[in-house]
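Mind looking over this structure? Questions follow.
Just so it is clear, none of the values below were taken in a lab; they were calculated from the coordinates. Please read these numbers as outputs of a predicted model, since none were measured by experiment. Every residue, glycine among them, receives a Cβ derived from its backbone with ideal geometry; neighbour counts consider all protein chains shown.
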């Protein structure tokens, strides 16, 4: 077993002080500020502005994500090694990777001016920039989130950690929405995105410092990997059946967002016939609603359980997105109202799954992988990016096949309705069905069992340990 006495004692279960929680949470702001433009603005920038064909971009996204997926478990293992440097060892690794993330982000949005008229050179630059920014993002996020899972062993305190972190994350996403809209409105698109890349550097440095200097220590002892075979160590958490189930639901659910966010700007421009300011307003309202809803999901998780609360979030999002099929040109305010509801759903998507993961890492089902937080979060990051990649890589070629490809001056709105509305709704419903029937949380049954008052096999086996 890789947990210390603090895991179940007073220290591990102690309430996290508010100042420690804020200090830990601040780094999520630049992480989210970097993540959203990579999946939202890159496809628009390189597709609409630099005219890289969507089919080419789809292949590039798949390649970059495959490389990213391979490196994530390795980074998770490295993060575990850093726990031997002390209770803040993971944060040392975070500090080393923040400059890599900032440099990769700048490279992505500031391609050489002389290359921008050459499609092939832009494709090569996009590959290199994506690989660098993914490496930096993975290095920061995996170790950072692993440290957060080790700040406490208390069921509700873990949710408070993820909720506090994701509030800053949703603020970061809001900034990521507002800045590109303002900068590309004040300047030409290419110059506006370059300024975005430059501004990210001081933001990353300023908001990483409180985390690196003021976050609380891990309550877990150093992680020891007995396996000599690195491949086995990377994927050992998959032996935990609860983790496998959570990953399945998480990837299916996350791919819906990956599909929608990749074509969102295209949808607003060509289906709603909206302006850049309106697109920015929609995204702003969406993420503000998400941030505001996070405390509500925290309350809901305490009443019905984390998985059931997440289930309701999925259904809420699916219902609101389904109504979007009825909006069209000029229906900006109707769509804005739907964005409030879908934004509330994203609050559940961001706040609850990492907290469930933290519980699973410490569950008896983990066996000899119990407590190996970095390795778990390495695979979790892999799953996160797999979900995004499935969405991004699938949505662009499908849109092109159905008649939407700016590089060829094809602007079929039916394609955008299918990709932005129909596909995400189908995917969300599938994820909700999985959550309804499949038990994931330790000491609890499936959502169906919990809400209908049944005692599922998982809950019955665990009742003695509750």
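Expressed in nm to one decimal, what extension gain is obtained for the pair residue 333 and residue 116 from 0.36 nm per residue of sequence separation less their Cα-Cα distance? Display every interim value, and only then the final one.
Values: separation 217, 0.36 × 217 = 78.12 nm, distance 3.63 nm.
Extending this stretch completely gives an extra 74.5 nm.
Taking 1 over the mean of 1/r across every pair of different Cα atoms in the range 7-140, what Kirkwood radius in Å do you get? Spell out each step's value before the answer.
Numbers: mean 1/r = 0.0595 Å⁻¹.
After inverting the mean inverse Cα-Cα distance, the result is 16.8 Å.
Could you quote the convex hull projected area for the range 72-159, Cα atoms only and averaged over all directions, in nm²?
7.0
Here's a follow-up. What is the helix-to-structure angle for 54-82, meaning the angle in degrees between its Cα long axis and the longest Cα principal axis of the chain, kept from 0 to 90 and rounded to the nearest 10?
Between the helix axis and the principal axis of the chain, the angle is about 20 degrees.
Mind ranking 82-90, 145-153 by how tightly packed they are, going by the mean number of other C-beta atoms within 10 angstrom, highest first?
Working: 82-90: 19.0, 145-153: 27.6.
Highest to lowest by the protection proxy: 145-153, 82-90.
What residues from the range 33-57 fall in the zone where the backbone N is under 13 Å from a label point 7 Å along the Cα-to-C-beta line of residue 186?
Within reach of a label on residue 186, which here means backbone N under 13 Å from a point 7 Å along Cα→Cβ, the range 33-57 contributes nothing.
Same structure, new question: Return a whole-number percent for the relative contact order of the range 292-353, with Cα pairs under 8 Å and 6 or more residues apart as the contact set. Write out the running numbers ahead of the final one.
Details: 60 pairs, mean separation 32.1, N = 62.
Answer for the range 292-353 is 52 percent.
In whole Å and largest first, what semi-axes does the C-alpha gyration tensor of the chain yield when each eigenvalue is scaled by 5 and square-rooted?
Numbers: eigenvalues 248, 132, 77 Å².
So the three semi-axes of the chain are 35, 26, 20 Å.
So how tilted is helix 28-44 from the main axis of the chain? Cα-based, degrees 0 to 90, rounded to 10.
Computed tilt is about 40 degrees.
Another question, then. How far, in nm, would the chain grow between residue 277 and residue 368 when pulled straight, counting 0.36 nm per residue and subtracting the alpha carbon separation?
27.5 nm
Counting other beta carbons within 10 Å of each residue's own, what order do 17, 160, 385 fall into, fewest first?
Arranged by neighbour count, lowest to highest, 17, 160, 385 become 17, 160, 385.
Helix 189-214 sits at what angle to the longest principal axis of the chain, using alpha carbons and giving 0 to 90 degrees rounded to 10?
10
Moving to a separate point now. Tell me, what is the percent relative contact order of the chain, built from C-alpha pairs under 8 Å that lie six or more residues apart?
Values: 840 pairs, mean separation 119.6, N = 466.
Contact order relative to length: 26 percent.
Could you give the Stokes-Einstein D for the range 187-226 in µm² per second, using the C-alpha Kirkwood radius, 20 °C, 1.002 mPa s? If you can, show how the numbers build up before the last one.
Values: Rh = 13.5 Å.
So the translational diffusion coefficient is about 159 µm²/s.
Taking only the C-alpha atoms, wrap a convex hull around the range 285-400 and report its volume per residue in Å³ as a whole number.
On the way: hull volume 14.6 nm³, N = 116.
Considering the Cα atoms of the range 285-400, their hull volume per residue is 126 Å³.
At q = 0.20, 0.24, 0.31, 0.33 Å⁻¹, what log₁₀ I(q)/I(0) does a Debye calculation on the Cα points of the range 401-448 give, no solvent, two decimals?
Values returned for q = 0.20, 0.24, 0.31, 0.33 Å⁻¹ are -0.69, -0.82, -1.00, -1.06.
Continuing with this model, one more query. What is the distance in Å between the Cα centroid of the range 379-425 and that of the range 157-222?
26
Place a label point 7 angstrom from the Cα of residue 96 along the Cα-to-Cβ direction, then list the residues of the range 65-80 whose backbone nitrogen is under 13 Å away.
Inside the label zone: 75-80.
Per-residue ellipticity at 222 nm for the chain, helices alone: DSSP H runs ≥ 4 residues times -39500 (n - 2.57), over residue total, nearest 500 deg cm²/dmol?
On the way: 19 runs with 340 residues, N = 466.
Rounded to the nearest 500, it is -24500 deg cm²/dmol.
Got a sec? How would 235, 93, 287 order by Cβ neighbour count within 10 Å, fewest to most?
Values: 235 15, 93 24, 287 27.
With the sparsest Cβ surroundings first, the list reads 235, 93, 287.
Another one. Sort 295-305, 64-74 for me by packing, meaning the mean count of neighbouring Cβ atoms within 10 Å per residue, highest on top.
Values: 295-305: 16.9, 64-74: 19.7.
For the peptides 295-305, 64-74, the packing ranking is 64-74, 295-305.
Fewest Cβ neighbours within 10 Å first, please rank 267, 376, 333, 155 accordingly. Display every interim value, and only then the final one.
Numbers: 267 24, 376 29, 333 10, 155 19.
With the fewest neighbours first, 267, 376, 333, 155 line up as 333, 155, 267, 376.
Can you tell me how much longer the chain between residue 209 and residue 448 gets when fully stretched, taken as 0.36 nm per residue apart minus their C-alpha distance, in nm with one decimal?
Details: separation 239, 0.36 × 239 = 86.04 nm, distance 4.35 nm.
Once the chain is fully extended between residue 209 and residue 448, it gains 81.7 nm.
With a Förster radius of 51 Å, plug the Cβ-Cβ distance of residue 326 and residue 84 into 1/(1 + (r/R0)^6) and report the FRET value to the nearest 0.05. Spell out each step's value before the answer.
On the way: r = 57 Å, r/R0 = 1.12.
With a Förster radius of 51 Å, E is 0.35.
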